[in-house]
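Scroll down for the structure; my scribbles are underneath it.
The values are calculated or read from the model by the stated rules, or taken from the named source; none is laboratory data. The shown structure was predicted, so the numbers you read here are calculated from the model rather than taken from an experiment. For neighbour counting, all protein chains shown are included, and Cβ atoms are generated from backbone atoms with ideal geometry for every residue, glycine included. Note: accessible area is taken over every heavy atom of the protein model, side chains too, but ligands, DNA and RNA are not part of it. Shrake-Rupley method; radii C 1.70, N 1.55, O 1.52, S 1.80 Å.
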Amino acid sequence: AVVSTQSTGQESSAKEMVSKNSGGPSEEIQQDLLTNSWEKWDKFYGIHANRFFKDRHWLFTEFQELKEGERKLLEVGCGPGNTIFPILEHCADDQVFVYGCDFSPTAVEIVKSHELYREDRCKAFVCDISSKDMDIPIEEGTLDFITMIFVLSALNPEDMQHCICNLSRYLKPGGQILFRDYGRYDLAQLRFKNGRCLAENFYARGDGTKVYFFTQEELDKLFTNAGLVKVQNIVDRRLQVNRARKLKMYRIWIQCKYMKPLL
């Protein structure tokens, strides 16, 4: 839900901050960042394992569809299992089967080593979803849900459309992509220093991983161009106040649900 709203002045200030920090790295460094994504994330999970991200127990509040009925789902960019295992913990054995993919082999191995990992309930595998020739060990047209939680933003912008088109093939009619990711002028975007910008609203973190900040309109175009129908596309904007510095700043996320049309 929309928790708070930004004033025109606050948005103008955010645009100004982004404009000031729009300088990029050298061409050589930029090329490395744009072409070796999986290595950066593999190194990330090699360092942090499953200690960096918290398990996403909030999923069942935002996406209540995951609670009920028998279902088969794919978690894209599964990392060390922060979505997979809360779902398996919540659901009865015979209610759900969860696939998980990541382009970090280290992340996939962490998932497979988890005490709740059983191949009669879940299957984790390595996959580069940015590839135009993406192929996954799932029959097309069989998934009830595909969850994409802070993962599309890690791709190069030019790879996003074919990623969504490829994934949508695996949804059954009536199946949905459940999506949550960074919104334009989120606090994280405003905190980037000059020299980290790879393209408009697209940045490299210090560890070499990348992040894009979306608008609702951009996401609607990506999903509808893949033949999906909007169920939900909202901004979740949460005010954070730094009283010492007398600053008001916002966490801004976009949450979407897009459905494959019924036959």
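Details
- Residue satisfying condition, being part of a strand (DSSP E or B), modelled with pLDDT of 95 or more and of a type outside the set (S, T, N, Q), within set I164, I177, I138: I177
- Search result, residues across the range 98-135 that are hydrophobic (A, V, I, L, M, F, W, C) and assigned to a loop (DSSP other than H, G, I, E, B): F103, L116, C127, I129, M134
- Qualifying residues in the range 170-227 (those that are among the small types (G, A, S) and in contact with a Leu (Cβ under 7 Å, 6 or more places away or on another chain)) - the one farthest from P137 (Cα to Cα): A204
- Search result, residues across the range 180-213 that are part of a strand (DSSP E or B), in contact with a helix residue (DSSP H, G or I) (Cβ under 8 Å, 6 or more places away or on another chain) and farther than 22 Å from L239 by Cα: L198, A199, F202, Y203, A204, K210
- Residue count, the range 165-189 (criterion: within 24 Å of G208 (Cβ to Cβ) and open to solvent by 20 Å² or more (accessible area, probe 1.4 Å)): 4
- Taking the range 71-107 as the range and being of a type in the set (V, I, T) and free of Cβ contacts under 8 Å to residues at least 60 places away in the same chain as the test, the residues that pass are I84, I87, V96, V98.
- When V241 is tested against (1) more than 25 Å from N166 (Cα to Cα); (2) touching a Ser or Thr at 6+ places or on another chain (Cβ under 7 Å); (3) among the β-branched types (V, I, T), exactly one condition is not met: (2).
- Inside the range 106-164, residues that are open to solvent by 10 Å² or more (accessible area, probe 1.4 Å), hydroxyl-bearing (S, T, Y) and in contact with a strand residue (DSSP E or B) (Cβ under 9 Å, 6 or more places away or on another chain) make up a count of 2.
Yes/no per residue for (1) under 22 Å from S13 (Cα atoms); (2) among the small types (G, A, S):
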residue	(1), (2)
N156	no, no
G175	no, yes
R180	no, no
G183	yes, yes
A188	yes, yes
G195	yes, yes
L198	yes, no
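- So I234, is it β-branched (V, I, T) and modelled with pLDDT under 95: no
- Enumeration of residues in the range 214-263 that are assigned to a strand (DSSP E or B) and of a type in the set (K, R): K230, R237, R238, K248, R251, K257
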